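The values are calculated or read from the model by the stated rules, or taken from the named source; none is laboratory data. Since the structure is predicted, the reported quantities are computational estimates derived from the model, not experimental observations. FYI the Cβ positions are ideal-geometry reconstructions off the backbone, even for glycines, and counts take in every protein chain you see.
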Amino acid sequence: MGGRTLETVVEEKDLGVQFTTDLKPSRQCQLAYSKASKVLGMIGRTVSHKSRDVMFHLYKSLVRPHLEFSISAWSPYYNKDKQLLERLQHRFSRMIPGLKQLPYQERLERLGLWSLEESRIFLANVQIE
């Protein structure tokens with residue numbers, strides 16, 4: 001191109017989404033998990049008053065956006081990727097006092113949260129309409 005040889009790249013970030021040569025979302029899932037996990041860990045270490053409302057609002061405003069950012073572009077379709085992201089919500093729901101011993105689905109119901117897969121499907125349908 002213009003007398004220059006183009007270099008081959010394995011992955012490229014565009015608008016905050018990591019694209020790889022195979023176009024699989026696994027790398028983006030790993031990056032989203034890593035960012036969100038760091039933020040969730042920081043919340044767990046620094047927040048001393050872990051009431052349900054405080055933790056819920058911190059999760060929804062600081063952690064969940066990393067998991068949902070531009071999800072329609074990189075929509076995870078492998079179970080391993082979905083489970084990786086869902087693991088963060090499991091971890092968050094166990095941080096809430098009084099919910100740790102409950103099954104995951106019941107914790108979600110009590111918090112009024114959807115699984116990440118349900119949220120992804122809902123967001124995809126809303127964007128189509």
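Identify the residue in the stretch 110-129 that is over 19 Å from Pro76 (Cα atoms) and loosely packed, with under 11 Cβ neighbours inside 10 Å and, among all such residues, is modelled with the lowest pLDDT. Among those that are over 19 Å from Pro76 (Cα atoms) and loosely packed, with under 11 Cβ neighbours inside 10 Å, it is Glu129.
Annotation: of all residues in the stretch 103-113 being assigned to a helix (DSSP H, G or I) and aliphatic (A, V, I, L, M), the one that is nearest to Leu31 (Cα to Cα) is Leu108. Across the stretch 24-48, the qualifying residues are those that are among the β-branched types (Val, Ile, Thr) and assigned to a helix (DSSP H, G or I), and the one among them that is farthest from Ser115 (Cα to Cα) is Thr46.
Filtering the stretch 49-102 down to residues that are in contact with a strand residue (DSSP E or B) (Cβ under 9 Å, 6 or more places away or on another chain) and outside any loop (DSSP other than H, G, I, E, B), which residue is surrounded by the fewest Cβ atoms within 10 Å (Cβ to Cβ)?
Start the filter on the stretch 49-102 by keeping residues that are in contact with a strand residue (DSSP E or B) (Cβ under 9 Å, 6 or more places away or on another chain), which leaves 69-70, 73-74.
Applying the additional criterion that residues be outside any loop (DSSP other than H, G, I, E, B) yields 73-74.
On the way: Ala73: 13, Trp74: 22.
Among residues in the stretch 49-102 that are in contact with a strand residue (DSSP E or B) (Cβ under 9 Å, 6 or more places away or on another chain) and outside any loop (DSSP other than H, G, I, E, B), the one surrounded by the fewest Cβ atoms within 10 Å (Cβ to Cβ) is Ala73.
Restricting the first member to the stretch 28-51 and to residues that are more than 20 Å from Lys13 (Cα to Cα), and the second to residues that are part of a helix (DSSP H, G or I) and among the basic types (Lys, Arg), the beta-carbon pairs closer than 7 Å and six or more apart or on different chains are Leu40/Arg91. Residues in the stretch 37-92 that are acidic (Asp, Glu) and more than 16 Å from Gly16 (Cβ to Cβ): Asp53, Asp81, Glu86.
Of all residues in the stretch 6-25, those that are modelled with pLDDT under 80 have Cβ atoms under 7 Å from Cβ atoms of residues that are loosely packed, with under 11 Cβ neighbours inside 10 Å and not acidic (Asp, Glu), 6 or more apart or on another chain, in Thr20/Val10; Thr21/Val10. Can you tell me which residue within the stretch 1-45, out of those that are of a type in the set (A, V, I, L, M) and surrounded by 14 or more Cβ atoms within 10 Å (Cβ to Cβ), is farthest from Lys60 (Cα to Cα)? Residue satisfying both the conditions and the ranking: Val17.
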